[in-house]
Amino acid sequence: MESQKNVIFFGAPGVGKGTQSKKLSEELDIPHIDTGSLIREAITSESPLGIKAKSFVEEGKLVPDELVIDMIREKLIFQKNKGFKGFVLDGFPRTIGQATALDNLLGLLKFKITKVINVQAPEEILIGRLSSRRTCTNKSCGTIYNVITQKPAKEGLCDHCGSPLYQRKDDSVEASKQRLEEYHTKTAPLEKYYRDKKIVADIDGTKSPDEVFQDIIELLNSPAPVK
Ligand code: AMP
């Protein structure tokens with residue numbers, strides 16, 4: 001593998017970005033920067049950002065760019081100061097404005113994105129996955145389950161840390177539909193943005209989580225050029 005891995009996970013809500021990006025960050029021992037979790041933490045702690053973001057998140061809409069960009073800037077500068085060897089971005093960027101802001105920031109920090117992992121699955125399976133998703137309440141764990149395909153050993157409890165699981169408000173069918181709508185109108189155009197830079201690698205997100213992870217590792221180890 002190249003020495004520094006700066007990877008973006010791209011794909012629709014419910015495609016498995018969260019599970020895979022978290023696993024990859026553990027495997028490579030690099031930070032997992034997940035804007036969705038950061039925003040949910042801000043909402044729980046009622047920080048100024050959380051107060052501004054709350055209604056957008058609950059309605060399944062994207063939070064305004066400037067709020068998310070500030071958050072990412074802070075995280076990346078913090079990581080740079082720690083002398084990091086890469087990062088996994090999950091759920092950011094989600095608009096062209098965020099992508100150009102990220103390019104500017106990475107330019108200043110002298111980093112570049114090594115790969116955009118584009119996880120794909122047909123729309124009909126995404127809503128089902130979102131509404132059956134359960135998430136660990138322990139934010140330092142955050143393991144994701146699916147009550148149909150990936151149940152915890154003990155109902156309602158995390159296999160790793162024993163904390164209770166919960167269903168995110170925005171995983172309701174109604175909010176999930178809104179999130180997919182936001183994805184199509186605001187996030188999907190980013191695919192071309194990154195394809196033009198020739199750093200996109202496609203991954204079949206319909207396989208089992210272990211198979212998808214295996215494919216991602218093979219892809220990152222492979223010298224083959226990406227599309
Ligand atoms: P996620 O956990 O990635 O599904 O994100 C949950 C919600 O957080 C999204 O539906 C948005 O409301 C908000 N959010 C997360 N990341 C972003 C982003 N990059 N830009 C705007 N809103 C975001």
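What to note about this one:
- Simple label model, 7 Å out from Cα along Cβ direction - GLU46 to GLN120, nm: 4.6 nm
- In the structure shown, the pairs LYS52/LYS169; LYS112/LYS197; LYS75/LYS192; LYS23/LYS75 are assessed against 22 Å; a Cα-Cα span above that value is assigned to LYS75/LYS192.
- In order through region 104-121: 3J(HN,Hα) via Karplus (6.51 cos²θ - 1.76 cosθ + 1.60), integer Hz, x for Gly, Pro: 4, 5, 5, x, 5, 7, 6, 10, 9, 6, 8, 8, 10, 8, 9, 8, 10, 7
- In terms of surrounding Cβ atoms within a 10 Å radius of their Cβ, SER132, SER47 rank from fewest to most as SER47, SER132.
- The ranking of SER25, SER131 by Cβ neighbour count inside 10 Å, starting from the fewest, reads SER131, SER25.
- FRET efficiency, LYS154 to GLU66 (Cβ-Cβ, R0 41 Å, nearest 0.05): 0.45
- For the pair region 71-111 and region 170-211, the centres of their Cα atoms are 19 angstrom apart.
- Computed extension gain for SER140 through GLU59, at 0.36 nm per residue and net of the alpha carbon distance, reaches 26.6 nm.
- Theoretical FRET efficiency, 1/(1+(r/R0)^6), r = Cβ-Cβ of VAL173 and ASP103, R0 30 Å, to 0.05: 0.25
- Annotation for region 133-191: GluC sites (Glu not before Pro) lying in DSSP loop with at most 15 further Cβ atoms inside 10 Å of their Cβ are GLU155.
- GluC sites (Glu not before Pro) within region 26-98: DSSP coil, no more than 11 neighbouring Cβ in 10 Å: GLU46
- Residues ASP196, ASP202, ASP34, arranged from fewest to most other Cβ atoms within 10 angstrom of their Cβ, appear as ASP196, ASP202, ASP34.
- At an R0 of 25 angstrom, the distance between the Cβ atoms of GLU27 and LYS80 translates into a FRET efficiency of 0.70.
Every number in this text was worked out from the coordinates using simple rules, so none of it is lab data. Since we're looking at a predicted model, the values are computed, not measured. So basically every Cβ, Gly included, is an ideal-geometry build from the backbone, and we count neighbours across all protein chains shown.
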